[in-house]
Amino acid sequence: MKNKRIVILAAGDFPRAEAPMAALRGADLRICCDSAAEALVAHGLAPDRIVGDLDSLSPAFRERFADRITQISEQDDNDLTKAFHLALTLSPSRITILGATGKREDHTLGNISLLLDYAREASCPVTMLTDYGRFETIFDTATLPSVPGQQISIFAFDNTLTIKSAGLKYPTDQVRFDTLWKATLNEALSSSFTLTLSHPSGVLLFFADHL
């Protein structure tokens, strides 16, 4: 099958909310990072591919799913990146990452920051879903859909960047992006908002689920 909706399940907290679970159930292909495969099976679903150094998979599980395992022992990349690179070879129309947050905070921060690298590499949309919302990326001026009252956080890693905003409660024009908290916890005023970047640069956006 070409143009697959691929879900990568990392080994953080297993999803509980409906949006990530719907993505997991509706995927054309599920790639699991190492021990995430056992969590997936425990929730009644089967992995299509399992990627990693396999250091946290039981021997019995490895034998059961031997035909679906891609073992990569090198330590330059984490298991999520190994799974992402495999996904790129499988004709994805969309890549959705689940289970990338929770458990150890250093893993959470590292996984979230990798989303910008993944979005640069991929020729399809790459999104990270959590139980509380979603992370997306932009690299230039963009108008994005939103829900009035939705919480929006903006993260950039370029202290020369300025971002003019329209449609958000708190203007971002004077924000200097030299620490992570500077443009967090904003709020959408309508069904869309626009971010005008002073120059092309990677920007990470978190859209909180509108409750």
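FYI, it's all coordinate maths here, none of it is from the lab. Not measured: the values here are computed from a predicted model. Don't worry about glycine lacking a Cβ; one is built from the backbone with ideal geometry, like all the others, and counts go over all protein chains shown.
Computed extension gain for Thr141 through Ser56, at 0.36 nm per residue and net of the alpha carbon distance, reaches 26.4 nm.
Near the amide H of Leu161, within less than 5 Å, lie the amide hydrogens of Phe177, all on another chain or at least 5 residues away, with H placed in the peptide plane. A straight chain from Glu187 to Ala22 at 0.36 nm per residue would run longer than the Cα-Cα distance by 56.8 nm. Note on Ala166 and Ser123: their simple-model spin labels are 3.3 nm apart, each label 7 Å out from Cα toward Cβ.
When the chain is treated as a GNM with alpha-carbon contacts under 10 Å, the residue of Ala46, Ala11, Ala87 showing the greatest mean-square fluctuation is Ala46. The range 132-206 and the range 1-55 have Cα centres spaced 29 Å apart. With both residues required to sit in the chain, DSSP beta bridges show an antiparallel share near 55%. To the nearest 10 degrees, how steep is helix 105-121 against the longest Cα principal axis of the chain, on a 0 to 90 scale? Helix 105-121 and the main axis of the chain meet at about 80 degrees.
Of the labelled figures [x] 1.10; [y] 1.05; [z] 1.00, only one reflects Rg/Rh (Cα atoms, Kirkwood Rh) as derived from the coordinates, namely [z].
Largest GNM mean-square fluctuation across Asp178, Asp76, Asp34, computed for the chain with C-alpha springs under 10 Å, falls on Asp76.
For the range 1-67, trypsin sites (Lys or Arg not before Pro) are listed when DSSP marks them as loop and at most 11 other Cβ atoms sit within 10 Å of their Cβ; the list is Lys2, Arg16. Between Glu63 and His43, the C-beta separation translates, for a Förster distance of 22 Å, into a calculated FRET efficiency of about 0.60.
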